[in-house]
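Everything below concerns the one structure shown next.
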Amino acid sequence: MDNNFDVIVVGSGPGGYVCAIRSAQLGLKTACVETRKTLGGTCLNIGCIPSKSLLNSSEMYHKAQKEFNNLGVETGKIKLNLSKMMSNKNKSVLTLTKGIEFLFKKNKITHLKGKGSISAKDTVTVTDNSGKKISYKTKNIVIGTGSVSTSLPGIKIDEKIVVSSTGAISFEKVPKDLIVIGGGYIGLELSSVWKRLGSNVTVIEFLDHIIPGMDKDISTEFQKILNKQGINFKLNSNVTAVSVVKNKAVVDFTNNKSAKRERIECDKVLVAVGRKANIDEDISRSGIKLDNQKKIQVNEKFETSIKNIYAIGDVINKGPMLAHKAEDEGIAVAEIIAGQAGHVNYDVIPAVIYTSPEVATVGKTEEQLQKENIKYKIGKFPFLANSRAKINSETEGFVKIIADEKTDKVLGVSMISAVAGTMIAELALAMEFGASAEDIARTCHAHPTHSEAVKEAAMAVDK
Ligand code: FAD
């Protein structure tokens, strides 16, 4: 094999594989190193894809059990076959990871199997499973090594009883009692999965609200909805210890306000307190500058402190840790290396929580605008008054559009709806084009659709 490349991408997550494909499409001789057996990174193997598969299957199970009968769809006794549900999830993962292998072949990308390390600013050394090392020369290196889950001090994840999201997408039995530490999107999505499949779920969150960083209106309403679904919350609570005794776990926590101590026994504990950039010793040694959160510092061209070494995705100090952000950065950096003007607009990155109903946001929250002293106006519309939502018995939630008080430019949108994750794309596009709330209000929306609530909320901005 010719060992000279224009670009070597380290890591094949949504940042890395998209960057490799775009680089190859732009005529650059490209290789991508991946240490995992399959391509696709966290997202395809242990993140977005398997979790969404379980969310979909568990929702079907829940609907068949609780809702079909109301619609006049009568079934026999509904029974859960968890191992089949897991096989279906694994099949989806396999099909999609194989799909990337196919795209690599189609685009003539060299797939280097093993752990990549930067041995010089123009050299990547790949160590395979047997310990054999081969070095490759390259004009440009793109680091896309992603992120790994974190834990709390003193809490050891064994992936059996005390698990990260990776363990929680592969339980062999439905845990009777599940404690979830952390009320962020990963914790709540997996809480939904296991609640629907029969677990008693308690979420313990340090703050006084769930989904930190999301619009307060949304997080309050969302918590009410999840509460109604039977998920318990212990807010303002600091987990102080998790111990495993026989096949059970004991979780100790203290209320931040009252200092009251509590202890809950359970079958499994999911630690979902966040993720950290995946920076190994090789990157640390290479002299690449990190910020104070130990993420790689990049400039507006995604270049690190070393020329011709770029970084993208979860590992960098820009934007949220989300797959579509990583993908957009992957494309941008490939275009920059090819001499084009790659760019990512960090003001318009949608975020979705794939529970039922879904939660979706884009742009600024009301709290952010208040902090920044920006004057705004708000339009809100409830799904209770949307005909399609009514027909489908999906009346929970609302759309909230925030626009600049003077210019009417849309600054942020948050919504809770059965199909919020799909609908948010319209708002992201509108914001990307600098739309005003009036632009959305005057756009004809098909009837009957959930999207009519977006138009109504936009009209409500000007009362
Ligand atoms: P990653 O996907 O983490 O990929 C990095 C890859 O680099 C890995 O395959 C790793 O093996 C490889 N690697 C690391 N070091 C080396 C090395 N030295 N040599 C070779 N290879 C290396 N995001 C969403 O947008 N939507 C969702 O619904 C969503 N759901 C999620 C659910 C869960 C349970 C989790 C854990 C995450 C979820 N995410 C979601 C987040 C999303 O998975 C990440 O933001 C995304 O995968 C980041 O992409 P990346 O390319 O930066 O890195």
Query - Nearby aspartates and glutamates by direct alpha-carbon distance to Lys248 (threshold 16 angstrom, same-chain neighbours under 8 apart not counted) - result: Asp158, Glu159, Glu172, Asp177, Glu265, Asp267
Query raised in the report: Charges only on Cβ, +1 for Lys and Arg, -1 for Asp and Glu: so what's the dipole of the chain about the Cα centre, in debye to the nearest 20?
Result: 1440 debye
Requested in this report: Report in % the part of the accessible area of region 223-286 that belongs to carbon and sulfur, leaving out ligands and nucleic acids; probe 1.4 Å.
Outcome: 43 percent
Query raised in the report: For region 180-221, rounded, prolate or oblate, judged on the Cα gyration tensor with a ≥ b ≥ c (square roots of eigenvalues), a/c < 1.5 rounded, else prolate if a/b > b/c?
Result: prolate
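For region 232-363, what does the alpha-carbon gyration tensor say about shape, rounded, prolate or oblate, given a ≥ b ≥ c as the root eigenvalues, a/c under 1.5 as rounded, and a/b over b/c as prolate?
Here region 232-363 falls in the prolate category.
Measuring with a 1.4 Å probe in the full set of protein chains, what accessible area per residue, in whole Å², belongs to the chain?
Here the per-residue accessible area is 49 Å².
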Query raised in the report: Could you give the distance between the Cα centres of region 211-275 and region 299-369, to the whole Å?
Result: 30 Å
**Report entry** Paramagnetic reach from Asn247 (point 7 Å along Cα→Cβ, amide N under 17 Å) across region 61-92
**Finding:** 82-83
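Provide the gained length on full extension for the span Val174 to Thr75, in nm with one decimal, where the gain is 0.36 nm per separating residue minus the Cα-Cα distance. The partial results should precede the final answer.
Numbers: separation 99, 0.36 × 99 = 35.64 nm, distance 2.29 nm.
Length gained between Val174 and Thr75: 33.4 nm.
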Query raised in the report: If you wrap region 1-133's Cα atoms in a convex hull and average its projection over all directions, what's the area in nm²?
Result: 10.8 nm²
Query raised in the report: Rounded to the nearest 0.05, what FRET efficiency is calculated for Leu94 and Lys276 with R0 set to 22 Å and r the Cβ-Cβ distance?
Result: 0.20
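With the alpha-carbon atoms as the only input, what is the per residue convex hull volume for the chain in Å³?
For the chain, the hull spanned by Cα atoms encloses 173 Å³ per residue.
So how much slack lies between Thr407 and Thr150, counting 0.36 nm per residue of separation and subtracting their Cα-Cα distance, in nm?
Values: separation 257, 0.36 × 257 = 92.52 nm, distance 4.24 nm.
Gain on stretching Thr407 to Thr150: 88.3 nm.
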Query - Rg/Rg_globular for region 292-375, with Rg_globular taken as 2.2 N^0.38 Å and Rg from C-alpha atoms - result: 1.28
Report summary line: SASA check, Glu358, accessible area w/ 1.4 Å probe, all protein chains in place, rounded to nearest 10 Å², comes out at 30 Å²
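Excluding Lys139 itself, what net charge comes from residues whose Cβ is under 12 Å from its Cβ, given Lys and Arg +1 and Asp and Glu -1? Show your work: numbers first, answer last.
Numbers: positive: Lys29, Lys121, Lys137, Lys307; negative: Asp6, Asp122.
Spelling it out: positives minus negatives among the neighbours equals +2.
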Query raised in the report: What nm value, rounded to one decimal, do you get for the distance between Asn3 and Asn373 when each label is placed 7 Å out toward the C-beta?
Result: 5.9 nm
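222 nm [θ] for the chain, helices only, -39500 (n - 2.57) per DSSP H run of 4+, per residue, to 500?
Working: 14 runs with 150 residues, N = 463.
Estimated from H runs of four or more residues: -9500 deg cm²/dmol.
List the pairs from Lys52/Lys455; Lys84/Lys224; Lys294/Lys318; Lys29/Lys133; Lys268/Lys364; Lys137/Lys294 whose alpha-carbon separation is above 24 Å, in the order I gave them.
Details: Lys52/Lys455 28 Å; Lys84/Lys224 32 Å; Lys294/Lys318 12 Å; Lys29/Lys133 21 Å; Lys268/Lys364 36 Å; Lys137/Lys294 27 Å.
Long pairs (Cα-Cα over 24 Å): Lys52/Lys455; Lys84/Lys224; Lys268/Lys364; Lys137/Lys294.
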Report task. Rounded to the nearest 0.05, what FRET efficiency do Ser305 and Lys224 give with R0 = 41 Å and r taken as the Cβ-Cβ distance? Could you check? Result -> 0.30
Query raised in the report: Can you pull the accessible area of Phe68 for me, 1.4 Å probe, Å² to the nearest 10?
Result: 70 Å²
**Report entry** Those aspartates and glutamates that a straight Cα-Cα span of less than 15 Å connects to Lys325, excepting residues fewer than 8 apart in one chain
**Finding:** Glu300, Asp314, Asp347, Glu432
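The values are calculated or read from the model by the stated rules, or taken from the named source; none is laboratory data. On a predicted model such as this, the values are computed, not experimentally measured, just so you know. Every residue, glycine among them, receives a Cβ derived from its backbone with ideal geometry; neighbour counts consider all protein chains shown. Heavy atoms of the whole protein, side chains included, go into the accessibility calculation; ligands, DNA and RNA do not. Shrake-Rupley method; radii C 1.70, N 1.55, O 1.52, S 1.80 Å.
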